[in-house]
Every structure is written in C-alpha cells, then in structure tokens.
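Reading through the structure tokens given below for one structure.
The values are calculated or read from the model by the stated rules, or taken from the named source; none is laboratory data. This one's a predicted model, so the numbers in the text were calculated from it and none came from an experiment. Positions of Cβ are generated from backbone atoms using ideal geometry, with glycine treated the same way; all protein chains shown enter the neighbour counts.
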C-alpha cells in the first residue's frame with residue numbers, strides 16, 4: 001500500500017507540473033466532503049489536511065461561492081468565472097460544527113451541508129467500529145444563523161433512492177425537505193442523492209417537489225450547460241493527497 005501511495009503521489013506531482021501552464025476553464029468545481037477529524041474512516045479528512053486545503057484555496061485566490069449562486073448562474077446561462085469553487089458536506093456529522101465551521105468562519109467561506117434528517121442527534125457506527133456523533137438541532141440552528149452555512153435535505157434515513165419503491169423515495173425526499181424547512185424557517189432548493197444513487201423517477205420526484213438541483217457523486221467539473229439535477233462533484237476523502245487535491249480544479253482523474 002505504501003508503494004502504491006508513493007506512485008500515486010508521483011503521478012499527481014507530475015500531472016500538476018504538466019497542468020501548471022494549462023489555464024483554468026470557465027467551469028466550477030463542487031467539492032464533496034463528509035467528515036473532518038482524527039479517525040481512519042475512508043470519507044474522513046484529517047483536520048490539518050482540511051486546513052491546508054482551505055488555505056490553498058485562499059492563497060490561490062479561488063472564487064468560493066454558495067451553491068445557490070452557482071445554480072443561479074447556470075439557470076441564467078451565465079458564463080461561470082474561472083477558479084469558481086463550491087464547498088459541500090454530506091450527512092451532517094457533528095465535527096462539521098466543531099472542526100469545519102470555525103475554519104470556514106475564519107476564511108469567510110460559504111458551505112452547503114446536506115442533512116440525513118433521521119440521523120440528527122444520533123451516533124453512527126461503521127464496520128471499523130468507529131462511532132461518530134451527528135449534528136443536533138441546536139448546533140444546526142446556530143450554524144444556520146451565521147449566514148455562512150446553508151442546510152439542505154439528504155433524505156430521512158440516507159436510503160439509496162433508486163433501490164426503494166417510488167412512494168417511499170417520495171416520502172424520503174419530501175419529508176426531509178419539510179422538516180429542514182420547518183426547523184430553519186427557510187426554503188430548501190437543493191438535494192444530494194445518498195451515495196449518488198438515483199434514476200429518472202427520483203429526478204422527476206425532485207422536480208415535482210420544487211427542487212432546483214440535485215447533486216451526485218460523479219466526478220467532473222460544472223459548466224453552464226450542465227443538467228442541474230445531475231451536478232457532478234469532486235470527492236475529497238482520506239485517500240486524497242495534496243497533489244491530487246490541486247488537480248481537482250482543472251482535470252478529472254481518479255487513480
């Protein structure tokens with residue numbers, strides 16, 4: 001595994017060297033995070049690495065905007081400015097409050113967090129027997145009131161929507177939207193598909209439910225001609241080294 005990691009680092013280092021003279025395109029990058037902290041979960045990013053990534057975005061003068069701003073540009077077919085980045089987090093882990101929010105406040109970067117509503121204020125375990133706390137409503141409301149954090153629904157139970165019957169999928173989508181809207185006294189326009197799992201029926205439900213966009217886990221950059229209900233995102237996780245991170249804004253490659 002160590003040899004593989006070294007080879008991967010070399011490949012991305014060389015790729016960054018080759019991309020140095022390549023200009024940024026008029027496409028946005030939506031970054032997808034989950035957890036930030038000190039654990040060995042695949043979807044986690046260590047705190048020091050997250051800070052390094054955020055500092056890089058600031059130092060290189062990336063245009064960090066809200067998801068709503070990006071969707072508005074796409075709806076109006078406006079040219080997306082170069083070096084545009086949107087930050088998103090899925091599921092709603094408590095470390096989004098303790099580890100992520102203080103950093104984003106310091107840099108004044110907006111972010112969208114997608115909540116699996118029935119998991120709020122719960123403890124979630126995994127196959128590695130690592131237990132993570134989820135956000136609770138007081139934390140969510142505190143973050144929401146800051147104006148930097150935009151909370152949106154991610155179903156009730158984190159179900160894979162194309163794998164359940166349409167009526168249940170509709171309930172997962174509409175109830176999660178209703179609860180977030182009522183708790184935060186806001187309108188929800190955006191939805192992230194759990195595990196990126198969806199089909200045309202799910203897209204139709206989103207449209208009927210009044211959503212403006214759906215976010216996938218498919219890698220890619222965002223142009224003004226993108227399908228708003230199939231927005232790609234660049235995943236950032238424990239396997240994303242810094243050289244790879246720097247390629248996410250010009251190129252789409254997964255090794």
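Quick notes on this one:
Okay, residues lined up against (1) farther than 26 Å from residue 226 by Cα; (2) touching a helix residue (DSSP H, G or I) at 6+ places or on another chain (Cβ under 6 Å); (3) at pLDDT 95 or above; (4) assigned to a helix (DSSP H, G or I):
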residue	(1), (2), (3), (4)
23	no, no, no, no
50	yes, no, yes, yes
69	no, no, yes, yes
86	no, yes, yes, no
89	no, yes, yes, no
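- Within segment 221-236, none of the residues are part of a loop (DSSP other than H, G, I, E, B), touching a strand residue (DSSP E or B) at 6+ places or on another chain (Cβ under 7 Å) and either without any contact (Cβ under 8 Å) to a residue 24 or more places away in the chain or surrounded by fewer than 19 Cβ atoms within 10 Å (Cβ to Cβ) (or both).
- Qualifying residue in segment 158-175 (condition: within 20 Å of the chain's Cα centre (by Cα), part of a strand (DSSP E or B) and at pLDDT 95 or above): no
- Selection of segment 195-220 for residues being more than 14 Å from the chain's Cα centre (by Cα), in a loop (DSSP other than H, G, I, E, B) and surrounded by fewer than 17 Cβ atoms within 10 Å (Cβ to Cβ) yields 197, 199, 209, 210.
- Selected residue (only one of 70, 115, 156 is surrounded by 18 or more Cβ atoms within 10 Å (Cβ to Cβ), closer than 26 Å to residue 205 by Cβ, out of contact with any strand residue (DSSP E or B) (no Cβ under 7 Å at 6 or more places or on another chain) and in contact (Cβ under 8 Å) with a residue 24 or more places away in the chain): 156
- Filter result (in contact (Cβ under 8 Å) with a residue 12 or more places away in the chain, over 24 Å from residue 147 (Cα atoms) and out of contact with any strand residue (DSSP E or B) (no Cβ under 7 Å at 6 or more places or on another chain)) within segment 34-59: 39, 40, 42, 46, 49
- There is no residue in segment 144-152 that is surrounded by 17 or more Cβ atoms within 10 Å (Cβ to Cβ) and over 18 Å from the mean Cα position of the chain (by Cα).
- Odd one out for residue 100 among (1) out of contact with any helix residue (DSSP H, G or I) (no Cβ under 6 Å at 6 or more places or on another chain); (2) surrounded by fewer than 20 Cβ atoms within 10 Å (Cβ to Cβ): (2)
- Among the residues making up segment 179-194, those that are part of a helix (DSSP H, G or I) and in contact with a helix residue (DSSP H, G or I) (Cβ under 9 Å, 6 or more places away or on another chain) are 179, 180, 183, 184, 194.
- Residue in segment 163-181 that is exposed (fewer than 14 other Cβ atoms within 10 Å of the Cβ) and under 23 Å from residue 43 (Cα atoms) present: yes
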